[in-house]
1. Since residue 84 meets every condition but one in (1) of a type in the set (Val, Ile, Thr); (2) touching a residue at least 24 places away in the same chain (Cβ under 8 Å); (3) under 23 Å from residue 14 (Cβ atoms), which condition does it not meet?
2. Within the range 1-41, count every residue that is in a loop (DSSP other than H, G, I, E, B), touching a strand residue (DSSP E or B) at 6+ places or on another chain (Cβ under 8 Å), farther than 15 Å from residue 102 by Cβ and open to solvent by less than 60 Å² (accessible area, probe 1.4 Å).
3. Being among the aromatic types (Phe, Trp, Tyr), farther than 18 Å from residue 19 by Cβ and either at pLDDT below 95 or surrounded by 12 or more Cβ atoms within 10 Å (Cβ to Cβ) (or both) narrows it down to one of 106, 83, so name that one.
4. Does any residue in the range 1-27 that is within 13 Å of residue 124 (Cα to Cα) come within less than 6 Å, Cβ to Cβ, of a residue that is part of a loop (DSSP other than H, G, I, E, B) and among the hydrophobic types (A, V, I, L, M, F, W, C) six or more places away or on a different chain, and which pairs are these?
5. Inside the range 110-129, can you point out the residues that are among the β-branched types (Val, Ile, Thr) and in contact (Cβ under 8 Å) with a residue 40 or more places away in the chain?
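The values are calculated or read from the model by the stated rules, or taken from the named source; none is laboratory data. Please read these numbers as outputs of a predicted model, since none were measured by experiment. Glycine also receives a Cβ, built like all others from the backbone with ideal geometry; neighbour counts cover every protein chain displayed. Heavy atoms of the whole protein, side chains included, go into the accessibility calculation; ligands, DNA and RNA do not. Shrake-Rupley method; radii C 1.70, N 1.55, O 1.52, S 1.80 Å.
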Amino acid sequence: MIKYDVKCEQGHVFEGWFPSSEGFEAQRENQEIACPTCGSTQVEKAIMAPRVPAKAASKAQRMAAIKRELQELRQTVESNCDYVGPRFAEEARKIHYGETEARGIYGETTREDAKALNDEGVPFASVPWVPKENA
């Protein structure tokens with residue numbers, strides 16, 4: 001997974017997580033990335049400073065930072081996407097084949113269904129789902 005700051009044509013900057021740089025470009029070209037503020041799909045990568053951990057950071061500090069970032073990702077996904085539960089593979093296919101409105105979704109799927117989605121070329125990403133910070 002790679003995190004980009006994304007900027008819409010109106011100048012709104014928001015965060016997005018993508019399976020790769022190519023994944024970002026494909027989603028941008030297909031207008032699958034929408035600004036959460038205005039809904040614009042005319043987006044580009046915004047200039048951002050890379051997060052470079054201090055060399056002296058301990059393994060525990062690095063793990064805590066990763067956990068915080070995954071918690072932020074979870075919050076972003078839950079705030080901006082529709083939860084479809086165990087119907088994830090079915091809904092992802094409907095979106096991919098234009099049978100339903102394109103939108104961000106999240107849910108659960110089996111390894112077999114994930115492999116089938118991948119084989120069909122349906123774009124999706126598996127994300128480690130860490131507990132919420134206050135849970």
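1. Unmet condition: (2).
2. Within the range 1-41, residues that are in a loop (DSSP other than H, G, I, E, B), touching a strand residue (DSSP E or B) at 6+ places or on another chain (Cβ under 8 Å), farther than 15 Å from residue 102 by Cβ and open to solvent by less than 60 Å² (accessible area, probe 1.4 Å) number 1.
3. Values: 106 fails: farther than 18 Å from residue 19 by Cβ.
Unique residue meeting the criteria: 83.
4. Matching pairs, first to second residue: 17/1; 19/125; 27/33.
5. Let us first name the residues in the range 110-129 that are among the β-branched types (Val, Ile, Thr), namely 110, 122, 127.
127, the sole residue that qualifies.
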